[in-house]
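Everything below concerns the one structure shown next.
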Amino acid sequence: MLKVGLTGGIGAGKSEVSRLLVSYGAVLIDADRIAREVVEPGTPGLAAVVAAFGDGVLTGDGTLDRPKLGSIVFADPERLATLNAIVHPIVGARSAELESAAGPGDVVIHDVPLLTENGLASLYDLVVVVDASPETQLDRLVRLRGMAEAEAKARMAAQATRADRLEIADLVIDNDGPLDALEPQVREVWDELTRRTADRA
């Protein structure tokens, strides 16, 4: 098994890279998806978030109001750290469960948005970074996701810098250009990952 950490700044295009890698045969463990699951109604995770942030972060039907919580934590590093301290250990435990279910010859892709910020590079056999310029990230967040520019900039500022991400990268996928330029790069990375997996067998 080859354990790969996949990361990139918000708006860099990591989700598309994940989708392509899965289409080639990778086993995907998506930290964002797991993070949503562990704060669903009735979970200990949601109870801990409400205890820390109050009932105001719940919608009328008792689910987590993600935009409301996001507006609180992304403007306040201390509150963000509080949220991360609640969610990350639960996500880590669930990710380990899923990884243990993968086969010995699998390439397991851990899609981890905050890999750099949380110093997690050493957990993986190698790290793949999806890279895009801050200008490209901002354009995608505003144009494609409909974010206000100020919110998009705040989200970007709450993450590691581009230089910090590139510093921990073993392989870099440049996603500054159009979508059709992405697929050949991801295919090349996949070929490298499968070669390394075979070398470990």
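The values are calculated or read from the model by the stated rules, or taken from the named source; none is laboratory data. Note that the structure is a prediction, hence the values are computed from the model and not measured. Here the Cβ positions follow ideal geometry from the backbone for every residue, glycine too, while neighbour counts run over all protein chains shown. Just so you know, the surface numbers come from the protein's heavy atoms only, side chains and all, with ligands and any DNA or RNA stripped out. Shrake-Rupley method; radii C 1.70, N 1.55, O 1.52, S 1.80 Å.
Numbers at a glance
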read-out: Test: residue in the range 22-29 that is in contact with a helix residue (DSSP H, G or I) (Cβ under 7 Å, 6 or more places away or on another chain) and over 20 Å from A198 (Cα atoms); value: yes
read-out: Sole residue being open to solvent by less than 30 Å² (accessible area, probe 1.4 Å), in contact with a strand residue (DSSP E or B) (Cβ under 9 Å, 6 or more places away or on another chain) and touching a residue at least 24 places away in the same chain (Cβ under 8 Å), chosen from V87, V27, V4; value: V4
read-out: All positions within the range 72-84 that are surrounded by 15 or more Cβ atoms within 10 Å (Cβ to Cβ), in contact (Cβ under 8 Å) with a residue 24 or more places away in the chain, out of contact with any Leu (no Cβ under 8 Å at 6 or more places or on another chain) and of a type in the set (A, V, I, L, M, F, W, C); value: L80
read-out: In the range 37-65, the residues that are out of contact with any helix residue (DSSP H, G or I) (no Cβ under 8 Å at 6 or more places or on another chain) and open to solvent by 70 Å² or more (accessible area, probe 1.4 Å); value: P41, G42, A51, D55, G60, D61
read-out: Odd one out for G60 among (1) within 20 Å of the chain's Cα centre (by Cα); (2) not in a helix (DSSP H, G or I); value: (1)
read-out: Yes/no for A96 being in contact with a Leu (Cβ under 6 Å, 6 or more places away or on another chain) and in a helix (DSSP H, G or I); value: no
read-out: Whichever residue in the range 170-193 is assigned to a helix (DSSP H, G or I) and open to solvent by 50 Å² or more (accessible area, probe 1.4 Å) and, among such residues, is nearest to M1 (Cα to Cα); value: D191
read-out: Options A75, A81, A93; residue that is within 30 Å of E192 (Cα to Cα) and either of a type in the set (G, A, S) or in contact with a Ser or Thr (Cβ under 7 Å, 6 or more places away or on another chain) (or both); value: A93
read-out: Qualifying residue in the range 52-64 (condition: touching a residue at least 12 places away in the same chain (Cβ under 8 Å), farther than 20 Å from A160 by Cβ and in contact with a Phe, Trp or Tyr (Cβ under 8 Å, 6 or more places away or on another chain)); value: no
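Results for (1) among the acidic types (D, E); (2) farther than 25 Å from L123 by Cβ; (3) in contact with a strand residue (DSSP E or B) (Cβ under 7 Å, 6 or more places away or on another chain), shown as yes or no for each residue.
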{"position": "L21", "(1), (2), (3)": "no, no, yes"}
{"position": "A35", "(1), (2), (3)": "no, no, no"}
{"position": "G42", "(1), (2), (3)": "no, yes, no"}
{"position": "L58", "(1), (2), (3)": "no, yes, yes"}
{"position": "L64", "(1), (2), (3)": "no, yes, yes"}
{"position": "K68", "(1), (2), (3)": "no, yes, no"}
{"position": "D76", "(1), (2), (3)": "yes, yes, no"}
{"position": "T82", "(1), (2), (3)": "no, no, no"}
{"position": "R94", "(1), (2), (3)": "no, no, no"}
